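Participant: Encoded as structure tokens, here's the structure I'll be asking about.
The values are calculated or read from the model by the stated rules, or taken from the named source; none is laboratory data. Since we're looking at a predicted model, the values are computed, not measured. Neighbour counts run over all protein chains shown; Cβ positions are idealised from the backbone, glycine included. Accessible surface is based on the protein model in full, side chains and every heavy atom, while ligands, DNA and RNA are left aside. Shrake-Rupley method; radii C 1.70, N 1.55, O 1.52, S 1.80 Å.
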Amino acid sequence: MARSRHRTTRRLWLWRWRANPLRRRSDIVEGWLLLAVGVLAVALGAFVGAATAHGVERNLNERRAERHPVSAVLTEDAPTTVSATAGTGGQVWAEVRWTAADGSPRTGSARVEPGTGGGATVRVWLDRHGNVVPAPLDRDGAEAQGVALGTATAVGTAVTVSCLGWVVHGRAERRRMAQWDREWARVGPQWGQRTG
């Protein structure tokens with residue numbers, strides 16, 4: 001019984017391509033359209049997702065290569081509590097001083113652990129212009145972020161293509177129903193005069 005149900009389901013699913021005297025040209029077009037939308041959604045989603053993941057990883061790796069750590073000294077005691085506006089990471093902003101590559105002294109604000117005392121040595125990250133920047137993601141973090149954004153982009157692309165396919169399918173369905181109404185308006189009155 002299960003085999004019969006499986007065979008019936010397959011026949012129903014493939015009815016648009018099977019030879020059938022009731023099959024219309026629009027049924028064949030609709031079948032190919034649905035197949036093309038499915039293949040395009042998967043292929044385009046995979047391509048866009050992989051390209052996004054690769055681009056994100058490359059961008060984060062380039063950022064990491066442009067940043068370098070330096071030792072800095074706190075010029076004041078860091079606050080002991082993290083404010084709501086300080087952001088995530090459990091760190092606070094404090095004034096630090098370091099020596100630039102050309103030997104000149106520099107100062108700026110950097111994130112440090114709460115309660116760190118003035119005069120303590122901390123590590124800060126600088127960009128190629130010598131400005132304090134957030135610490136870059138390591139290679140594993142960049143890969144994880146690339147995979148996450150690539151997956152989200154792939155799913156979004158596949159859903160978008162599928163939705164566009166269903167919009168086209170809906171328009172074709174409305175057109176087919178309008179055609180059916182016209183045919184019924186032409187043929188229906190001939191059947192209405194019969195009595196049993």
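Participant: Using a simple charge model, +1 on the beta-carbon of Lys and Arg, -1 on the beta-carbon of Asp and Glu, nothing else, what dipole does the range 78-167 show about its Cα centre, in debye to the nearest 20?
Facilitator: Result for the range 78-167 is approximately 160 debye, rounded to the nearest 20.
Participant: The range 139-196: which trypsin sites (Lys or Arg not before Pro) are DSSP loop and have at most 12 other beta-carbon atoms within 10 angstrom?
Facilitator: Within the range 139-196, the qualifying trypsin sites (Lys or Arg not before Pro) (loop, at most 12 other Cβ atoms within 10 Å) are Arg194.
Participant: A further question on this structure: Count charges around Arg123 for me, please; just the other residues with Cβ under 12 Å from its Cβ, Lys/Arg as +1, Asp/Glu as -1.
Facilitator: Result for the local shell: +1.
Participant: Using r as the Cβ-Cβ distance of Asp181 and Ala51, and R0 as 41 Å, what FRET efficiency do you calculate, to the nearest 0.05? Show your work: numbers first, answer last.
Facilitator: Details: r = 46 Å, r/R0 = 1.12.
Here the calculated transfer efficiency is 0.35.
Participant: Skipping prolines and chain starts, which residues have an amide H placed within reach, meaning under 5 Å, of the one on Asp77, given they are 5 or more residues away or on another chain?
Facilitator: Counting only residues 5 or more places away or on other chains, the set is Gly118.
Participant: Express in nm, to one decimal, how much length is gained between Ala144 and Cys163 on full extension, taking 0.36 nm for each residue of separation and deducting their alpha carbon distance. Please list the in-between numbers first.
Facilitator: Numbers: separation 19, 0.36 × 19 = 6.84 nm, distance 2.85 nm.
Stretched out fully, the Ala144 to Cys163 stretch lengthens by 4.0 nm.
Participant: Shifting gears a bit: Quick one: accessible area per residue over the range 92-140, 1.4 Å probe, rounded to a whole number of Å²? All intermediate terms of the calculation are to be shown ahead of the outcome.
Facilitator: Numbers: 3060 Å² over 49 residues.
On a per-residue basis, the range 92-140 sits at 62 Å².
Participant: Using the charge dipole of the range 64-160 (Lys, Arg: +1 at Cβ; Asp, Glu: -1 at Cβ; taken about the Cα centre), state which of Ala144, Val124, Ala101 has its Cα farthest towards the positive end.
Facilitator: It is Ala101, whose Cα lies furthest towards the positive end.
Participant: Decide, for the range 48-133, between rounded, prolate and oblate: order the square roots of the alpha carbon gyration tensor eigenvalues as a ≥ b ≥ c, take rounded if a/c falls under 1.5, and otherwise choose prolate if a/b is larger than b/c, else oblate.
Facilitator: On the way: a/c = 3.58, a/b = 1.49, b/c = 2.41.
Oblate, because a/c is 1.5 or more while a/b does not exceed b/c.
Participant: When Lys and Arg each count +1 and Asp and Glu each count -1, what net charge do the other residues less than 9 Å away from Gly108, Cβ to Cβ, add up to?
Facilitator: Value of the local net charge: +1.
Participant: Ignoring any ligand, DNA or RNA, what whole percent of the accessible area of the range 47-196 comes from carbon and sulfur when the probe is 1.4 angstrom?
Facilitator: Here carbon and sulfur together make up 55 percent of the probe-accessible area.
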